[in-house]
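To keep things clear, I will list the structure first and then write my remarks on it.
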Amino acid sequence: MPENAYLGMYIDGEGPSGIIRDLPAEQTVYYRFLPMVYPYLIKQAPDTFVVQFGGGISTSVALRSNSKTVTVAEGNPAVLDAFRTDKGLRDFTGDVLNNPKVHVIDYDGRLYLAHTSERYDVIDLSLADSAGLSSPGGFAIVEKYSYTREAMNSYMRALKDGGVLSVTLWNKEEPPKSVLKLYTTMAAAAREVDDGDIANRFFVVSSYLSTATVLYKRGGFDAEDIAKLREHTRAMSFDEIYYPGFEYDASQTAKVLEDYR
């Protein structure tokens, strides 16, 4: 973990959301430990869309993962103004919004993707809730339109053939609730977008009491994709929740559920 890697951003008393520092080259291995790196393991030099800029973590990961272009949406003008004009923030982030690869959409990414004719190799929606909302469940308490079935439908349709949608959510509940809602919502959206079986469209990983990441691939994951993603998951000591061909042993399910109080 690099030292002094983050600042905390609070908006109307809600937060913090992390603002990541422009890390020197010798510290960029850190990005491999972030869940937002998953789509770039199987997509080379992608055209990337970040649904919500927030503190810029997903944008930084996209740039460091050799994205050809990074289109960033942010509906809060105060956030964009701060990153563009505040010298402290510009120095801390390496003036990320003025990077020549970055194109800024100054309104809600969900609405933009619902109406654009552009198509992307990677669409990222990661940790859009603040860490402060993560413990009680984030969007389970305050409904976030970015996570609705209609929004997921728009994201999936805005992918190129073979494109990957990556959604990372805080997963600090025991037992989990918000992530189960996310799984159900994304599966329902996929059934609207895709014909036939959606079983090979998803890859899901989590880090215990930290984050959960759902990957959806337009057209489905092939064997090479799955091998790369599983290899990285094992290397990071994350938990495999689902992948095409995943075999689930239900023999202990009843006992586990009975033990919760």
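Quick notes
- Listing of helices (runs of 4 or more DSSP H) fully contained in region 147-238 that carry 2 or more residues being within 24 Å of D108 (Cα to Cα), in contact with a Leu (Cβ under 9 Å, 6 or more places away or on another chain) and open to solvent by 20 Å² or more (accessible area, probe 1.4 Å): 149-157
- F92 satisfies every condition listed in (1) among the aromatic types (F, W, Y); (2) in contact with a helix residue (DSSP H, G or I) (Cβ under 9 Å, 6 or more places away or on another chain); (3) surrounded by 18 or more Cβ atoms within 10 Å (Cβ to Cβ) except (2).
- Note on region 239-261: residues that are open to solvent by less than 90 Å² (accessible area, probe 1.4 Å) and either in contact with a helix residue (DSSP H, G or I) (Cβ under 6 Å, 6 or more places away or on another chain) or part of a loop (DSSP other than H, G, I, E, B) (or both) amount to 5.
- Complete set of residues in region 1-53 that are hydrophobic (A, V, I, L, M, F, W, C), surrounded by fewer than 16 Cβ atoms within 10 Å (Cβ to Cβ) and touching a residue at least 12 places away in the same chain (Cβ under 8 Å): M1, A5, I11, F33, A45
- For region 63-89, a tally of residues being loosely packed, with under 15 Cβ neighbours inside 10 Å and of a type in the set (A, V, I, L, M) returns 1.
- Counting only helices (runs of 4 or more DSSP H) that sit wholly inside region 1-118, those with at least 2 residues that are of a type in the set (S, T, Y) are 57-64.
The values are calculated or read from the model by the stated rules, or taken from the named source; none is laboratory data. Every value quoted in this text rests on a predicted model; they were computed, and no experiment measured them. When we count neighbours, we look across all protein chains shown, and the Cβ atoms used for this are built from the backbone with ideal geometry, even at glycine. Remember, those area values only see protein heavy atoms, side chains included, never the ligands or the DNA or RNA. Shrake-Rupley method; radii C 1.70, N 1.55, O 1.52, S 1.80 Å.
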